[in-house]
Each structure stands twice: as structure tokens, then as C-alpha cells.
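J.: Below: one structure in C-alpha cells.
The values are calculated or read from the model by the stated rules, or taken from the named source; none is laboratory data. None of these values were measured; they are calculated from a predicted model. No Cβ is skipped: glycine too gets one built from the backbone with ideal geometry, and neighbour counts run over all protein chains shown. Accessible surface is based on the protein model in full, side chains and every heavy atom, while ligands, DNA and RNA are left aside. Shrake-Rupley method; radii C 1.70, N 1.55, O 1.52, S 1.80 Å.
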Amino acid sequence: MIDMIYDNNILPEGMCAIGRDIYQHTSNSPASLAVRNRRKIASHLLAELMKQKKNADILSVASGHCREVDLMCPDVMSFSSWECLDSDKDSVEYSTSRYASSGMLPMHGSVKSILSSKDNKRYDFIYTLGLYDYLEQRLAQRLTSKMFSMLKPGGKVLIANFVPEIPDVGYMEACMDWYFVYRTDGVMQDLLAEIHVCEIKNVNIFTEDEKNIVFLLAEKV
């Protein structure tokens, strides 16, 4: 489904006229446009990181099919390690078949495995694009604190989340039975509640062009 949002020209064989109309409408709705913008923002930040640091260590949490990679120019793809963690084994297998040859490392893992991890590895950039839409605030704060502790000095964490009252909420909940945990700018800021202020160098909270998804970008001292 996410791939169909990313490429809104996909028309499955045998799709009826009504199905085609619904698809063309929903794939160009504000939420779908925001998802495409979210992908572009992640891709841009990753490219900027790789330009600045050729041996960066990167971690993607709830990585899915890693489609942000497809928007990046191969010439800038320079990193020391890029681990892609997802709880869905099919996604891990797909990402392995598609991206492992470039040096990326898809792995099976969950929020629980991150919170319980004793690994001492540190990263320059940790990002998660769709996970927090499903996490209640207390758990989200714990995960944010844990990911922040996994950063190197000067490292950054990027978290994306849908905002309340998006135009598509009625269709998503009534027709698709699809519910999110929505967050405002203030609630995104509150994700940092378990991190001591002296550990945080910069915090940037911003939205994509559709103003349907808010981002928290926090840098470690």
C-alpha cells in the first residue's frame, strides 16, 4: 500500500473503474502527499549527512522497504554502516534482496529489542518515519530517550508523526479502520522529556508542505 502511495501511477491489472477512481483520489489526498513529502525529507537529510561525513553510521527504525533510498543519487551513497530494523520479516527479506548489495544491513527487530539492547554501537543518524503514529506517549518517550542515547556526539535523531485533524482522518478511520496516535508540535517536544536538557544541542520541529506530518529533529551535544 505504501508503494502505491509512493508511486501513484500504479494501476493493478483488472482494477475496475470505481476502484481506479477511489485509488486516484486517495493516492493524491493530503495524507498521501504528506507521505511522499516525508520520504523526500528523509532522503534529503540522509544525502546531506553523507556529503558531510563519508563514514557515517546510520540506523533506520521500522524501516519497511527503505524506499527513501530510491530517491538518493548513487554518487552520494557513502557510509560506514546503515542498519535497517523492522519487525516484519517479509520487509526485512525484501530490503535484503534489494539493498544489501549496496552495503545496507536489513535486520529483524522491534521496539522491545531496541529498548532492551545492550549494544554499545553509536550512530550519526537514527530515523523513524511511520512508527510513532502507533506508539502511546509514555512508550514513545522511552524509545526516544533510548535512541538518543545511541547517538554519537553531534548525532541526530529524526522522528515523523501525523498531526491531529488531518483532512483524511474520516476516510481512514471510518472506511479503512485505520487509527493513528496524532501529535502536535508540543507533544513532539515532549518526546524528549526523559533526556536531560544538557545532552541536547539543537531541536527543530517542522512540518512538510502539506502540514499533515510533523518532524522532530534533535541533535546530541
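J.: Can Glu93 be described as part of a helix (DSSP H, G or I), surrounded by 12 or more Cβ atoms within 10 Å (Cβ to Cβ) and touching a Lys or Arg at 6+ places or on another chain (Cβ under 6 Å)? So that I can check it myself, show each step before the final result.
T.: Numbers: part of a helix (DSSP H, G or I): yes; surrounded by 12 or more Cβ atoms within 10 Å (Cβ to Cβ): yes; touching a Lys or Arg at 6+ places or on another chain (Cβ under 6 Å): no.
For Glu93, the condition - part of a helix (DSSP H, G or I), surrounded by 12 or more Cβ atoms within 10 Å (Cβ to Cβ) and touching a Lys or Arg at 6+ places or on another chain (Cβ under 6 Å) - is not met.
Okay, residues lined up against (1) open to solvent by 60 Å² or more (accessible area, probe 1.4 Å); (2) assigned to a strand (DSSP E or B); (3) of a type in the set (Val, Ile, Thr):
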| site | (1), (2), (3) |
| --- | --- |
| Ile18 | yes, no, yes |
| Arg38 | no, no, no |
| Lys51 | yes, no, no |
| Ser60 | no, yes, no |
| Glu83 | no, yes, no |
| Ser97 | yes, no, no |
| Ser101 | yes, no, no |
| Lys118 | yes, no, no |
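J.: Find the residue count for segment 62-81, including only residues that are part of a loop (DSSP other than H, G, I, E, B) and in contact (Cβ under 8 Å) with a residue 40 or more places away in the chain.
T.: So the first thing to find is which residues in segment 62-81 are part of a loop (DSSP other than H, G, I, E, B), and the list is 62-66, 72-73, 77-80.
Among the residues that remain, those that are also in contact (Cβ under 8 Å) with a residue 40 or more places away in the chain are: 62-66.
Of the residues in that region, 5 qualify.
J.: List pairs: first in segment 202-219 and without any contact (Cβ under 8 Å) to a residue 40 or more places away in the chain, second of a type in the set (Val, Ile, Thr), Cβ under 7 Å, 6+ apart or cross-chain?
T.: Filtered contacts from segment 202-219: Ile205/Val214.
J.: Suppose we keep only residues that are under 18 Å from Arg67 (Cβ atoms) and open to solvent by 20 Å² or more (accessible area, probe 1.4 Å) within segment 122-151. Which one would you say is modelled with the highest pLDDT?
T.: Among those residues, the one meeting the criterion is Leu131.
J.: OK, next. Considering only residues that are over 11 Å from Glu208 (Cβ atoms) and in a helix (DSSP H, G or I), look in segment 20-30 and name the one that is least open to solvent (accessible area, probe 1.4 Å). If you could, list the steps in order and put the result at the bottom.
T.: First, the residues of segment 20-30 that are over 11 Å from Glu208 (Cβ atoms): 20-29.
Among the residues that remain, those that are also in a helix (DSSP H, G or I) are: 20-26.
Values: Arg20: 86, Asp21: 95, Ile22: 82, Tyr23: 21, Gln24: 87, His25: 131, Thr26: 37 Å².
For segment 20-30, the residue satisfying everything is Tyr23.
J.: Then there's this: Taking the criterion of being at positive phi and touching a Lys or Arg at 6+ places or on another chain (Cβ under 8 Å), would at least one residue in segment 55-62 satisfy it?
T.: Scanning segment 55-62 turns up no residue that is at positive phi and touching a Lys or Arg at 6+ places or on another chain (Cβ under 8 Å).
J.: Consider Ser149 against the criteria (1) touching a strand residue (DSSP E or B) at 6+ places or on another chain (Cβ under 7 Å); (2) under 19 Å from Phe125 (Cα atoms): it satisfies all of them except one. Which criterion is unmet?
T.: Evaluating Ser149 over (1) touching a strand residue (DSSP E or B) at 6+ places or on another chain (Cβ under 7 Å); (2) under 19 Å from Phe125 (Cα atoms) leaves (1) as the failure.
J.: If we keep just the residues of segment 183-198 that are without any contact (Cβ under 8 Å) to a residue 40 or more places away in the chain and surrounded by 11 or more Cβ atoms within 10 Å (Cβ to Cβ), which is farthest from Asn212 (Cα to Cα)?
T.: Gln189
J.: Something else about it: Residues in segment 106-113: is at least one touching a Phe, Trp or Tyr at 6+ places or on another chain (Cβ under 7 Å) and in a helix (DSSP H, G or I)?
T.: Looking through segment 106-113, none of the residues is touching a Phe, Trp or Tyr at 6+ places or on another chain (Cβ under 7 Å) and in a helix (DSSP H, G or I).
J.: Further question on the same structure: Among the residues of segment 77-89, is any of a type in the set (Gly, Ala, Ser), modelled with pLDDT under 95 and out of contact with any Pro (no Cβ under 8 Å at 6 or more places or on another chain)? So that I can check it myself, show each step before the final result.
T.: The first filter runs over segment 77-89 and keeps only residues of a type in the set (Gly, Ala, Ser), leaving 78, 80-81, 87.
Next, from what is left, pick out any that are modelled with pLDDT under 95: 78.
Still in the list and also out of contact with any Pro (no Cβ under 8 Å at 6 or more places or on another chain): 78.
The answer is yes, given that some residue of segment 77-89 is of a type in the set (Gly, Ala, Ser), modelled with pLDDT under 95 and out of contact with any Pro (no Cβ under 8 Å at 6 or more places or on another chain).
J.: Could you grab me the full set of residues in segment 72-93 that are over 16 Å from Tyr127 (Cα atoms), in contact with a strand residue (DSSP E or B) (Cβ under 9 Å, 6 or more places away or on another chain) and among the acidic types (Asp, Glu)?
T.: Within segment 72-93, Asp88, Glu93 qualify.
J.: More than 18 Å from the chain's Cα centre (by Cα) and open to solvent by 60 Å² or more (accessible area, probe 1.4 Å) - does that describe any residue in segment 161-170?
T.: Yes, segment 161-170 has at least one match.
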